[in-house]
Amino acid sequence: MSDETKKIKVTIDNITIDVDPGTTILNAARRIGGDVTPPAMCYYSKLEGSGGKCRTCLVEVAAGSAADPRPMPKLVASCRTGVMDGMIVKNITSDKVTDARNGVVEFLLLNHPLDCPICDQAGECHLQDLGYDHGKEGTRYQFARRTFKKEDIGPYIQLHMTRCILCYRCTYVADQITNKRLHGIVDRGDHAAISTYISKAIDNDFSGNMIDVCPVGALTDKTFRFKNRVWFTKPVDAHRSCTTPGCCGKATLWLRGEEVFRVTARKDEWGEVQSFDGKPGWICNTCRFDTKATASWTIEGLTTISRHSVIGANKYKTLEMPKETIKEVMHGVEPKLLMDIHSVSGVNNPDIHLSDIDRPAHSSDFKK
Ligand code: SF4
Ligand code: FES
């Protein structure tokens with residue numbers, strides 16, 4: 001095997017996988033998926049240079065590599081640390097990590113207003129999710145929260161600087177996608193804020209993507225603001241032939257009945273914009289803000305929403321049967337006896353197979 005193709009082994013929370021050299025711990029964990037994957041508030045795989053700002057992705061390295069198995073003395077940012085062959089990493093299996101993450105969340109919430117009930121990001125806010133997973137009841141902070149003067153950044157995007165967690169993602173979007181960055185982080189410490197020039201950066205075909213990358217409600221869509229709670233809308237995947245160079249034309253429409261309340265880029269399981277043909281699927285402002293008629297779009301079907309998300313409540317796709325056969329689930333062991341309980345069940349309506357219906361069961365599916 002040549003050096004280029006040689007994989008390296010990494011064990012994360014007792015699960016071992018082979019990855020390419022140069023892979024970060026976070027991306028290796030994303031290959032495993034589920035709870036093993038650390039949360040990431042500032043890293044965004046489609047934005048070069050992102051990560052290393054928020055510390056939510058901290059993990060414990062219990063063994064640095066097979067060649068040097070000493071543990072790393074401090075927790076490390078998994079989005080910025082590359083894996084080594086034989087590395088052993090602990091995420092959810094480490095008490096130190098849980099403790100540190102609780103502390104990071106407490107710090108992130110020091111100045112962040114707890115205004116979820118009136119924030120448009122509620123239901124899809126990564127900080128809200130993190131707060132529910134790692135937050136503590138109450139606060140130890142006794143000082144006035146940091147606030148900022150309101151800044152008007154045009155007709156499409158609402159900036160709420162008080163909610164910003166300084167993840168830098170929007171500045172990377174401006175830098176790498178709009179090709180016209182005029183805003184950045186100014187000042188230091190408690191006074192740090194994005195831009196005094198942000199209003200100028202917004203005048204760009206792709207500025208709306210800043211809303212999609214913002215993990216909190218600091219940048220929200222003015223055309224959607226206060227119109228609806230996101231969990232009352234129905235997200236569907238749709239596309240149109242867009243002529244803006246660089247726009248993929250593939251979006252998620254957030255419907256209420258036939259009305260399009262909001263258009264966003266399509267997101268993957270990590271909350272990042274999906275890639276199409278190997279390129280990030282950014283959408284232009286014309287698709288996002290000015291194309292709100294269903295007739296302008298070809299609707300493909302319901303968007304897949306994580307089953308843990310409040311947005312998925314009461315939205316059903318057709319039934320998807322698990323692909324595993326019983327033998328696979330039982331690690332190669334053939335079942336000795338399979339019982340068809342349907343025919344002997346005293347509960348089910350004999351004409352209805354509960355596993356075949358593509359909706360939730362209701363009382364008429366059972367014997368009276
Ligand atoms: S406005 Fe949002 S995307 Fe920009 S730095 Fe603040 S939290 Fe991050
Ligand atoms: S995601 Fe790693 S430091 Fe923010």
Name the residue, out of 357, 153, 305, whose mean-square fluctuation peaks in a Gaussian network model built on the chain with Cα pairs under 10 Å.
357
Which three numbers, in whole Å and largest first, are the semi-axes of the equivalent ellipsoid of the chain derived from its Cα gyration tensor as √(5λ)?
36, 31, 22
If amide hydrogens are placed 1.01 Å from N in the peptide plane, which non-local residues have theirs closer than 5 Å to the one on residue 267?
274
Rh (Kirkwood, all Cα-Cα pairs) for region 72-138, Å, reads 14.0
How much accessible surface area, in Å² rounded to 10, belongs to the heavy atoms of residue 261 with a 1.4 Å probe?
30
Give me, ordered by chain and number, the residues 5 or more places off residue 262 or on other chains with an amide H under 5 Å from its own placed amide H.
254
With each run of n ≥ 4 DSSP H residues scored as -39500 (n - 2.57), what mean residue ellipticity at 222 nm is computed for the chain after dividing by its residue count and rounding to the nearest 500 deg cm²/dmol?
-4000 deg cm²/dmol
Which sequence of 25, 32, 15 reflects their accessible areas, 1.4 Å probe, from the largest down?
15, 32, 25
Cut-off 12 Å between beta-carbons: net charge of the residues surrounding residue 139, Lys and Arg +1, Asp and Glu -1:
+1
How long is the gain from residue 259 to residue 191 if the chain were fully straight, where each residue apart is worth 0.36 nm and the alpha carbon distance is subtracted?
20.4 nm
Within region 1-68, report the trypsin sites (Lys or Arg not before Pro) that DSSP leaves as loop and that have at most 16 other Cβ atoms within 10 Å.
6, 7
Per-residue HN-Hα couplings for region 51-56 [Karplus 6.51, -1.76, 1.60; θ = phi - 60°; Hz; x = Gly/Pro]
x, x, 10, 9, 6, 6
In region 73-143, which trypsin sites (Lys or Arg not before Pro) are in a loop and have at most 13 other Cβ atoms within 10 Å, using DSSP for the loop call?
74, 136, 140
Skip the ligands, DNA and RNA, and give the accessible area per residue of region 43-124 with a 1.4 Å probe, whole Å².
47
Using a 1.4 Å probe over the heavy atoms of the protein chains, calculate the carbon and sulfur portion of the accessible area of the chain as a whole percent.
53
Within region 1-65, DSSP-loop GluC sites (Glu not before Pro) with at most 15 other C-beta atoms within 10 Å are 4, 48
Probe radius 1.4 Å, ligands and nucleic acids left out: which of 50, 275 has the largest accessible area, and how do the rest follow?
275, 50
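The values are calculated or read from the model by the stated rules, or taken from the named source; none is laboratory data. What you see is a predicted model, and the numbers here were worked out from it, not measured in a lab. Virtual Cβ from ideal backbone geometry, glycine too; neighbours counted across all protein chains shown. Calculation scope for accessible area: heavy atoms of the full protein, side chains included, ligands and nucleic acids excluded. Shrake-Rupley method; radii C 1.70, N 1.55, O 1.52, S 1.80 Å.
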